[in-house]
Amino acid sequence: MISFRQKGNFSKLSGFLERTKEVVHMGNLDKYGKDGVAALSAATPKDTGKTASSWKYEIVRTKGSVAITFSNTNIQNGVPIAIILQYGHASRNGHWIEGIDYINPAIKPLFQKIENEAWEEVTKV
């Protein structure tokens, strides 16, 4: 059996995390939102271009967290076109049209950029 005993407190860690919270610039989220919309728009398969031009973002702030939410407003007959392009759909005559994974490859570099820039800010403290 392994046991673990700790003596003292986590005041240094808590102080570090509090300072870090102040350093991370939430103003950059708007820039990241715009970059994400541009990446998604460029990667979206284009027939008419309506789906590509229908991307938007929202910054959602809750207690203790902030999130960027991307969405697409091109909805036809209750069907979100961006989603059926991503995952596939049945055609009118019943044939399956395979989806194209375009969202994940488009947005992954942005997530990596956010992660890297946040880590740089955190380690400056």
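Numerical summary
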| quantity | calculated |
| --- | --- |
| Pairs, first closer than 14 Å to Ala43 by Cα in region 71-100, second open to solvent by 100 Å² or more (accessible area, probe 1.4 Å) and in a helix (DSSP H, G or I), C-beta under 8 Å, six or more apart | Gly99/Tyr87 |
| Residue that is modelled with the lowest pLDDT, among those in region 62-93 that are of a type in the set (S, T, N, Q) and open to solvent by 50 Å² or more (accessible area, probe 1.4 Å) | Ser65 |
| Residue match in region 92-106 (condition: farther than 27 Å from Asn28 by Cβ and among the small types (Gly, Ala, Ser)) | yes |
| Condition check for Ile84: assigned to a loop (DSSP other than H, G, I, E, B) and not polar (S, T, N, Q) | no |
| The listed residue being buried (at least 18 other Cβ atoms within 10 Å of the Cβ) and under 16 Å from Pro105 (Cα atoms), out of Ala52, Ala42, Ala38 | Ala52 |
| Region 87-116, subset assigned to a loop (DSSP other than H, G, I, E, B) and among the hydroxyl-bearing types (Ser, Thr, Tyr), residue nearest to Thr51 (Cα to Cα) | Tyr102 |
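So that you can scan it fast, the table gives a plain yes or no per residue for (1) touching a Ser or Thr at 6+ places or on another chain (Cβ under 7 Å); (2) among the polar types (S, T, N, Q):
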| residue | (1), (2) |
| --- | --- |
| Ser65 | no, yes |
| Ile68 | no, no |
| Ser71 | no, yes |
| Asn74 | yes, yes |
| His89 | no, no |
| Asn93 | no, yes |
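The values are calculated or read from the model by the stated rules, or taken from the named source; none is laboratory data. Here the structure is a predicted model, which means the values were calculated and not measured. For neighbour counting, all protein chains shown are included, and Cβ atoms are generated from backbone atoms with ideal geometry for every residue, glycine included. Note: accessible area is taken over every heavy atom of the protein model, side chains too, but ligands, DNA and RNA are not part of it. Shrake-Rupley method; radii C 1.70, N 1.55, O 1.52, S 1.80 Å.
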